[in-house]
Amino acid sequence: MPMYLSRLKDLREDEDLTQKEVAAILKIDQRVYSNYETGKRELPISHLIALADFYHTSTDYILGRTNKK
């Protein structure tokens, strides 16, 4: 499992958010976001950047390229 899949879920759960709430932030359907977390669909760069901004972290952290938030 790619690191970013677990990081997406961990970041969301750390904020006590549901997939539906994160999907609303990205202006997408909850099923699409769920597919990002499960690896069934590739996370677009625009959504990666939006999530990094929202969680106040780096894209490298989400992608598993660093452990420094």
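Relative to the Cα centre, the charge distribution of the chain, modelled as +1 at Lys and Arg Cβ and -1 at Asp and Glu Cβ, gives a dipole magnitude of about 220 debye. Full extension of the chain segment joining Lys20 with Met3 gains 4.0 nm, where the gain is 0.36 nm per residue of separation less the Cα-Cα distance.
Share of pairwise Cα-Cα distances greater than 17 Å in the chain is 31 percent (whole percent). Per residue, the average separation of C-alpha pairs within less than 8 Å and at least 6 apart gives the chain a relative contact order of 34 percent. Full extension of the chain between Asp29 and Arg65 gives 10.2 nm of extra length, using 0.36 nm per residue less the Cα-Cα distance. What a 1.4 Å probe finds exposed on the chain is 48% carbon and sulfur by accessible area, rounded to a whole percent.
The values are calculated or read from the model by the stated rules, or taken from the named source; none is laboratory data. Computed from a prediction, not measured in an experiment: that's the story for all the values here. Methodologically, a virtual Cβ is constructed for each residue, glycine included, from the backbone with ideal geometry; neighbour enumeration extends over all protein chains shown. Note: accessible area is taken over every heavy atom of the protein model, side chains too, but ligands, DNA and RNA are not part of it. Shrake-Rupley method; radii C 1.70, N 1.55, O 1.52, S 1.80 Å.
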